[in-house]
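Right, one structure below, let's go through it.
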Amino acid sequence: MGGRYFVQNPGPTNIPDRVLEAFRRPAVDFADPDFIALAEGVWAELPELFGGADKIVVLTTVGHGAWESTLTNTVEPGETVLIPDCGLFGRRWARMARDLGYEVVMTEGHIRRPTDPAEIADILAADTAHRIKCVCIVHTETSTGAVTDLAAMRAAMDSADHPALFIVDGVCSLGIEPLRMRDWGIDVVVAASQKGLMMPPGLSFCALSERAVERNRSVATPRFHLAWEPRFEEGPIYNRFGGTPPIQHMFALRTALDMIAETGGIDASIARHRRWAAAVHAAVDGWASGGPWEINITEPKHRTAAITCVRTGDIAAGSLISTARDRFRVSVGSGMMAEMEGRAFRVGHLGDLNEPMLLGALGGLETAMAVLGLPHGHGLSAAVASLAATARP
Ligand SMILES: *Cc1c(COP(=O)(O)O)cnc(C)c1O
C-alpha cells in the first residue's frame, strides 16, 4: 500500500527529512576541529533547552540509560529514593532503583491523575531523619497522559524543608511542556532524543544543577561508563562521551535544534503541542458523544500536551489499533499496565507534526471505528473545529 505511514505513537515520533539527511553524512575523525566545534556548539545551547542547567551529560543510550546514570551518580546503595506510583514509567524507574540496591518509597498507585504535590510534602515532612535522598518525578507520564505540576512539586518540597534532590523524568516533556530547571529548583532532568526532539532513539541527556554536580562528587557508588565526572573534564572529546562520540547523532541533533529555533524556539514548540493536544481532546469528546470512549486523565488541567490515553470501555482496543495500523497505516500506542491493557489506546501528538498529519491520523482512527462497527460520535470534525478556532491565518 502506498502513501505515508502515520507514526502517532508517543515515541518514537516522526523524524523530519532534514534530520534524517543529517545522518547521511560520512564519518569524520572525532578529533576533527569542525566536529569538535559542532559538538561544543550543541553543548553550549543545551542548558537553555532545559530552562537553565549547570552541566549537561550526553549519553549514547536510551532514556533508561540516563535513569540508571542518574541513580548511580547521586545515590549510594542502601539509601532511599522516593518514586511515586503514577503509571508505567514511574513503576519501571522504581523497579530499576530496587534492582540497583536502593530502598524505594512509593506512593499508593493511581493512573488517572498526576502525582499530588501535597502527598509528597507529607511524606517528606514525616522523613525528619532525611533518609530520602532523591524525589524522582515523571513529568509527562506517557502511559497515562498525565502531566505533573513541577512548580507545585518544588513548593511542596520547600514546604517540608527537605534537602532531597529533585529529579525529573523529562523524556516525554522536553520541547513539549514548560521545563524550567532554574526557576523550579530541579536538580536533574533526564531526557532522550526520540520524543520531542524528533530524532531516532540513541541519545539521552542528564541536565544537572550545581547541587547535583556536588552530590555526584561525594557519591561512592561503583560506576564507570555512566559516570558523570569524567564527562565534565575539558580534554579529549572521546572522554566527554565515555567512548567514541555518536558523530551522526550529533549532526542530527544540531539539525533538530536548528529546526526548533527556526520555528520560533521552545516556547512556540510548547504552544504548538498545546493546540494539537486540544484538537485530540476535542476528537475524543466527539467520539464519546456516541460511544464509550473516554480520556484517561479526568481533569483537563492534568492532561499533558504530548499524548492522550483513550479508554475504550467495554470495547477491545486491539482490533481498532491493528485495523488503524494495518489497513489505514495509522500507528498509535496500546493501553499499558494491567489496568489498561487491551482497553485503551494512546495517541501521541508530539514531535514533527502539522495539522493535516494530525487530522489524517484522527481520520484513520475514526474510519477504523466505522469499519469495525464501533459506536462513536463525530470526532474528526470536532478536531477540525478546534484547530480552526485556534489557528493564526
Ligand atoms: C519513553 C519514555 C521513557 C523511556 O525511554 P527509553 O528511551 O525507551 O528508555 C522513560 N520515561 C518516559 C516518561 C518516557 O516517555
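Enumerate the pairs (first residue in region 17-40 and closer than 30 Å to residue 353 by Cβ; second residue anywhere and outside any helix (DSSP H, G or I) and at pLDDT 95 or above) with beta-carbon separation below 7 Å, excluding pairs fewer than 6 apart on the same chain, so at least 6 apart or on different chains.
19/198; 19/199; 39/245
What residue, among those in region 289-342 that are over 28 Å from residue 269 (Cα atoms) and among the acidic types (Asp, Glu), is surrounded by the most Cβ atoms within 10 Å (Cβ to Cβ)?
Applying the filter and picking the extreme gives 339.
Filtering region 62-78 down to residues that are open to solvent by 40 Å² or more (accessible area, probe 1.4 Å) and within 13 Å of the ligand (Cβ to nearest atom), which residue is farthest from the chain's Cα centre (by Cα)?
68
Kindly indicate the residue of region 5-23 that is touching a helix residue (DSSP H, G or I) at 6+ places or on another chain (Cβ under 8 Å) and part of a loop (DSSP other than H, G, I, E, B) and also most open to solvent (accessible area, probe 1.4 Å) among those meeting that condition.
Taking the candidates together, the pick is 14.
Those residues that are surrounded by fewer than 20 Cβ atoms within 10 Å (Cβ to Cβ) and in a helix (DSSP H, G or I), I need them from region 364-379; list them, please.
Within region 364-379, 367, 370, 371 qualify.
Please enumerate the residues belonging to region 347-361 that are touching a strand residue (DSSP E or B) at 6+ places or on another chain (Cβ under 8 Å) and either open to solvent by 10 Å² or more (accessible area, probe 1.4 Å) or under 19 Å from residue 288 (Cβ atoms) (or both).
347, 349, 357, 360, 361 - these are the residues of region 347-361 that are touching a strand residue (DSSP E or B) at 6+ places or on another chain (Cβ under 8 Å) and either open to solvent by 10 Å² or more (accessible area, probe 1.4 Å) or under 19 Å from residue 288 (Cβ atoms) (or both).
Listed residues 151, 129, 191, 164; which is in contact with a helix residue (DSSP H, G or I) (Cβ under 8 Å, 6 or more places away or on another chain), at pLDDT 95 or above and either more than 16 Å from the ligand (Cβ to nearest atom) or open to solvent by 10 Å² or more (accessible area, probe 1.4 Å) (or both)?
Exactly one of 151, 129, 191, 164 is in contact with a helix residue (DSSP H, G or I) (Cβ under 8 Å, 6 or more places away or on another chain), at pLDDT 95 or above and either more than 16 Å from the ligand (Cβ to nearest atom) or open to solvent by 10 Å² or more (accessible area, probe 1.4 Å) (or both), namely 164.
Return the residues of region 297-338 that are among the β-branched types (Val, Ile, Thr), in contact with a Phe, Trp or Tyr (Cβ under 9 Å, 6 or more places away or on another chain) and assigned to a strand (DSSP E or B); say none if nothing qualifies.
310, 330
Given 393, 356, which one is at pLDDT below 95 and of a type outside the set (Gly, Ala, Ser)?
The unique qualifying residue is 393.
Being away from the ligand (no atom under 16 Å from the Cβ) and in contact (Cβ under 8 Å) with a residue 40 or more places away in the chain is the requirement here; does residue 390 meet it?
When the stated conditions are applied, residue 390 passes them.
Please indicate, with yes or no, whether at least one residue in region 230-250 is within 16 Å of the ligand (Cβ to nearest atom) and not in a loop (DSSP other than H, G, I, E, B).
yes
Give just the number: which of (1) within 30 Å of residue 223 (Cα to Cα); (2) within 16 Å of the ligand (Cβ to nearest atom); (3) assigned to a loop (DSSP other than H, G, I, E, B) does residue 97 not satisfy?
(3)
Got at least one residue in region 254-271 being without any contact (Cβ under 8 Å) to a residue 40 or more places away in the chain and within 17 Å of the chain's Cα centre (by Cα)?
yes
Name the single residue that is farthest from residue 40 (Cα to Cα) among those in region 194-212 being open to solvent by 10 Å² or more (accessible area, probe 1.4 Å) and away from the ligand (no atom under 16 Å from the Cβ).
Within region 194-212, the match that is farthest from residue 40 (Cα to Cα) is 211.
The values are calculated or read from the model by the stated rules, or taken from the named source; none is laboratory data. Treat the numbers as computed from the prediction; the structure is a model and nothing was measured. Virtual Cβ from ideal backbone geometry, glycine too; neighbours counted across all protein chains shown. Side chains included, ligands, DNA and RNA excluded: accessible areas come from the protein's heavy atoms. Shrake-Rupley method; radii C 1.70, N 1.55, O 1.52, S 1.80 Å.
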